[in-house]
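Below is one structure, written out as structure tokens, with a few remarks after it.
The values are calculated or read from the model by the stated rules, or taken from the named source; none is laboratory data. Keep in mind that what you see is a predicted model, and the values were worked out from it rather than measured. Cβ: placed from backbone, ideal geometry, glycine included. Neighbour counts: every protein chain shown. These area figures cover heavy atoms from the full protein model, side chains too; ligands, DNA and RNA do not enter into them. Shrake-Rupley method; radii C 1.70, N 1.55, O 1.52, S 1.80 Å.
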Amino acid sequence: MCGIVGYIGKFNALEAVIEGLKKLEYRGYDSAGVAYKKENDIKICKEKGRVIDLEKCIMDIDSSLAIGHTRWATHGEPNQRNAHPHSSMTGRFVIVHNGIVENYQKLKFEYLNDYSFSSETDTEIIADLIEYFSNTLSVEESIRKTMSLIEGSYACLIIDKKHPNHIYCMKDKSPLLVGKGKDGISFSSDITGLIDYAEEYMPLEDKTFGIIDAEDVYLQDMIGLPIENRFQKMAIQKEEIDKQTFDHFMLKEIYEQPMMIRNLIHHYFSGEEVRISPKLIHHIRQSDKINFVACGSSMYASYFAKYYFEKLCGIPCEVFCASELVYSTPLISKRPFFIFFSQSGETADLLAVMKKVKKQKHPILTITNTIESSMVRLSDYHLNIYAGKEIAVASTKAYTAMLVTSTILARAVSKTKTNLKNNLKAVSLAMEKVLENKEVCRGIAQSIINQEDLFYIGRGIDYWTALEASLKLKEIAYIHTEAFSSGELKHGPIALITKNTPVIAIITQEGTNRITRSNLAETESRGAKTYVIASKSLSTPSDDVIIPNVAHYLSPLVSVLVVQLIAYYAAVFKQNDVDKPKNLAKSVTVE
Ligand code: M6R
């Protein structure tokens, strides 16, 4: 989603901001812009399209202060006029914003009747409100007053032409981090944007207002009381956001999965024992139901977590889709425990649910790849999935890392001993074998790229992999794909099968092998072009992809690599923007 960056200090601020925007490109955007200080004036440059297009209009300009933005359109189409930065009517205040002002029509009506607007965005009214209040209040008071009126979410950087040696910031619900380096202060929507310019960083809390000069950061709450700065050492390496020799981040991240499993073993095992806070384990053991909350791939990962916890720990579990849960009131058990899965830790739907759960004082664990995230700060407990930065919009290694982390946690909560550590090592080797055979996946990808529709089928845990497989193919190859439990085909979806409709079956479980194959045969009799991905011990010579055997409950960690590769190559064959698919954003920070 939208990304904001800013810099004030001794380096060329425009260079720092452009580099920061490039690092945030992976979040998804459709226009970009910057505002910068030039001889005591503030200049704006914005473009529909890529950051690289923007770079051309500011080449060779030096500046000590700049703010920048990549916009993922919500209010108003993606064009130059709606791109950020936006100015107040007289041009005094210039602003970049990530979030949504839900009551912007009401605020316009109440305060800005005499104002004219130059964009269709909700953001512009923030600049106008600050200007409106600055007729009677100080800049600081005007910004805080504006904060108090906004319903929705915002992370904003603001420049006041009358005080061009400061950047002001305000934050509620949308993420904003401040970085501090030897030569200046920087801002970013996530930690990647701070690399190169910050040695320390600090995620801002909700309802924080800040005044920043080249030396320091002065934070206040909504009534102007000071907030203490809590900088932490930067915990990300530049190599993590480098494609190295891979054509795309997605392929690099697919290839990182075997190593990631070994890293997770290293982080969570001491000998054969799992190293997780005894307090957390005890808390989960006391609960009478675990509620998993997530979206997208992370939600599909939590189906496996439910399976592991029910099988190993005998605790009933339920998976909730966050965007549904936030507008419903399910029956909650007497001693519930909530586990949120989120790669980014910033997903707005999840944060909205988390705040409700927190209000009800239920215990919360966040399982995430982003320990500096808002969700971690709101939770009672958190577990790192140690996947390393995931740049491609389509999640791969974070999904598998969630599966592994949840099986390790379930093993720690259960009192039964399993050979999990060795089984995971075997998974890592099996993944490497799948990667060696990537040409088979490439072949399947080539054969499906001209299809309008495709179906993945499976039963039980293979069905959940089918859901993830289908999401991957939709996201990056833009092929309409559905996942069905193979048993459900006859109850309706089989009507969709026509000549050569591809149907891909995932078979890794002995108990459902025979029945899934017969369901697949039923689609074949109706003209489908069928493919089988099967574990070696269940395979037949005519199967298309044979994956090594691993412990049956871990086999989805191996089969999912096959479907990730199929989606990847299909997107490459179609010449799609693999890492930044159209209309999608990496971090979904609006509901
Ligand atoms: O950051 P999160 O894990 O909370 O994100 C949830 C979904 O937006 C995410 O998994 C999305 O479905 C991915 N693009 C899937 O590849």
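Looking only at residues of segment 527-538 that are farther than 21 Å from GLU468 by Cβ and out of contact with any Ser or Thr (no Cβ under 8 Å at 6 or more places or on another chain), we find that the one that is least open to solvent (accessible area, probe 1.4 Å) is SER537. Six or more apart or on different chains, Cβ under 7 Å: which pairs go from a residue in segment 570-591 that's within 28 Å of VAL353 (Cβ to Cβ) and near the ligand (Cβ under 10 Å from one of its atoms) to one that's open to solvent by 20 Å² or more (accessible area, probe 1.4 Å) and at pLDDT 95 or above? Could you list them? Partner pairs satisfying both residue conditions: PRO581/GLU475; LEU584/GLU475. From the list ILE332, ILE290, the lone residue that is of a type in the set (A, V, I, L, M, F, W, C) and over 23 Å from LEU467 (Cα atoms) is ILE332.
Taken over segment 230-267, the criterion of being among the charged types (D, E, K, R) and outside any helix (DSSP H, G or I) is satisfied by ARG230, LYS233, ASP242, LYS243, ASP247, GLU256.
Taking GLU452, is it charged (D, E, K, R) and within 16 Å of the ligand (Cβ to nearest atom)? When the stated conditions are applied, GLU452 does not pass them. ASN291 versus (1) outside any helix (DSSP H, G or I); (2) open to solvent by 60 Å² or more (accessible area, probe 1.4 Å): which is the lone unmet condition? Result: ASN291 fails condition (2) only. Against the definition (under 18 Å from LEU264 (Cα atoms), surrounded by fewer than 21 Cβ atoms within 10 Å (Cβ to Cβ) and among the aliphatic types (A, V, I, L, M)), how does ILE385 come out, yes or no? When the stated conditions are applied, ILE385 does not pass them.
Consider segment 194-239. How many of its residues are within 27 Å of LEU14 (Cβ to Cβ), out of contact with any Phe, Trp or Tyr (no Cβ under 8 Å at 6 or more places or on another chain) and surrounded by 14 or more Cβ atoms within 10 Å (Cβ to Cβ)? Matching residues across segment 194-239 total 12.
For segment 308-343, residues that are within 16 Å of the ligand (Cβ to nearest atom), out of contact with any helix residue (DSSP H, G or I) (no Cβ under 6 Å at 6 or more places or on another chain) and of a type in the set (A, V, I, L, M) total 1. Pairs are defined by a Cβ separation below 6 Å, a sequence spacing of at least 6 or placement on different chains, a first member in segment 285-298 that is touching a residue at least 24 places away in the same chain (Cβ under 8 Å), and a second member that is more than 6 Å from the ligand (Cβ to nearest atom) and among the small types (Gly, Ala, Ser); the pairs so defined are ASP288/SER333; LYS289/SER333; PHE292/SER302; PHE292/ALA305; VAL293/ALA322; ALA294/SER302; CYS295/ALA322. The selection criterion, being within 16 Å of the ligand (Cβ to nearest atom), modelled with pLDDT of 95 or more and of a type in the set (Gly, Ala, Ser), holds for SER302. So, ARG411, is that one within 16 Å of the ligand (Cβ to nearest atom), of a type in the set (Lys, Arg), touching a residue at least 24 places away in the same chain (Cβ under 8 Å) and over 28 Å from ASN583 (Cα atoms) or not? The answer is no for ARG411. Of all the numbered requirements in (1) modelled with pLDDT of 95 or more; (2) surrounded by 19 or more Cβ atoms within 10 Å (Cβ to Cβ), HIS362 misses one, and that requirement is (2).
Residue-level analysis places GLU318 outside the set of residues that are open to solvent by less than 30 Å² (accessible area, probe 1.4 Å), closer than 29 Å to SER470 by Cβ and not polar (S, T, N, Q).
Yes/no matrix, rows are residues, columns are (1) more than 11 Å from the ligand (Cβ to nearest atom); (2) open to solvent by less than 10 Å² (accessible area, probe 1.4 Å); (3) assigned to a helix (DSSP H, G or I):
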position	(1), (2), (3)
GLY345	no, yes, no
VAL353	yes, yes, yes
ILE367	no, yes, no
LYS389	yes, no, no
ALA392	no, yes, no
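Every condition in (1) away from the ligand (no atom under 14 Å from the Cβ); (2) farther than 24 Å from PRO258 by Cα holds for GLU436 except the one numbered (2).
If a residue has to be free of Cβ contacts under 8 Å to residues at least 60 places away in the same chain and buried (at least 23 other Cβ atoms within 10 Å of the Cβ) to count, how many in segment 19-33 make the cut?
From segment 19-33, those free of Cβ contacts under 8 Å to residues at least 60 places away in the same chain are 22, 30-32; that's our starting set.
Subset that is buried (at least 23 other Cβ atoms within 10 Å of the Cβ): 31-32.
Of the residues in that region, 2 qualify.
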